[in-house]
Every structure is written in C-alpha cells, then in structure tokens.
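Structure first, commentary second.
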Amino acid sequence: MHAARTDLNAYLQTGIHKVDGWCIPQLWQSIWPLRQAIGAGPIAEIGVFEGKFFIGLAKCFAENRHDSVAIDVFDLQQFNLDGAGVGVAP
C-alpha cells in the first residue's frame, strides 16, 4: 500500500475524530482517486477553520510536510468580513 494511503487511512480511522472542523470521512473516496491521478504535491487551504480537512489533504498529497500551507484569519476576526467559521451571518 502507498505510504500516503497508509497515513490517510490511519487519520480517517482515529485522528479525524479528534480534530474539530469540517470534513466527513466519505469525502476521501472522491479525493484519493485525484491523488492517484495527479500524484503528490504542495497543498494549501484558505479558510482552514479547525484543520480537519487540511490535515487530510496534507496526509494525502504532501509527501514533504513543508509543502503544506494553512491560511486563515484565526484570532484576527476583524478581517473575517463574512463571519464564516464563527456562526455570524453578515
């Protein structure tokens, strides 16, 4: 089995349930075939929220963890213009 698949499977079995955020395990049934088709590479997620999806992306695509970038306003909520991630509607 491919090392990235082993990492992803371990995350889906145990780790994903320990991380807050948005991502359902079934999503990876669609994403893993993309990994097989295009291979490894750098990843970025804008609006990472709690990291649940980002961690899966990193385990799936980024063979070098330094090729992973998470971007969010985090504690700088004055830049969160649409209120996403905090339950505030504009």
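How much net charge surrounds Val19 when only other residues with a Cβ under 15 Å from its Cβ are counted (Lys, Arg +1; Asp, Glu -1)? With Lys, Arg at +1 and Asp, Glu at -1, the net is -2. Compared with the alpha-carbon gap, the fully stretched path from Asp20 to Leu81 is longer by 19.8 nm at 0.36 nm per residue. Report the local net charge at Ile31: Lys and Arg +1, Asp and Glu -1, summed over other residues whose C-beta lies under 12 Å from its C-beta. Result for the local shell: +3.
Between the amide H of Val69 and those of Ile43, Ala44, Glu45, distances stay under 5 Å, these residues lying 5 or more places away or on another chain, with hydrogens modeled in the peptide plane. Loop-located chymotrypsin sites (Phe, Trp or Tyr not before Pro) across region 19-71 with a Cβ neighbour count of 16 or fewer within 10 Å are Trp22, with loop assigned by DSSP.
Determine the shape class of region 10-80: with a ≥ b ≥ c the square roots of the Cα gyration tensor eigenvalues, call it rounded for a/c under 1.5, and otherwise prolate if a/b is greater than b/c, oblate otherwise. The shape class here is oblate.
Taking label positions 7 Å along the Cα-Cβ direction at both Val69 and Ile31, the computed distance is 1.9 nm, reported to one decimal.
Coordinate-derived values only; no laboratory data. Source: prediction; values computed, not measured. Note that we place each Cβ from the backbone using ideal geometry, even for glycine, and neighbour counts take in every protein chain shown.
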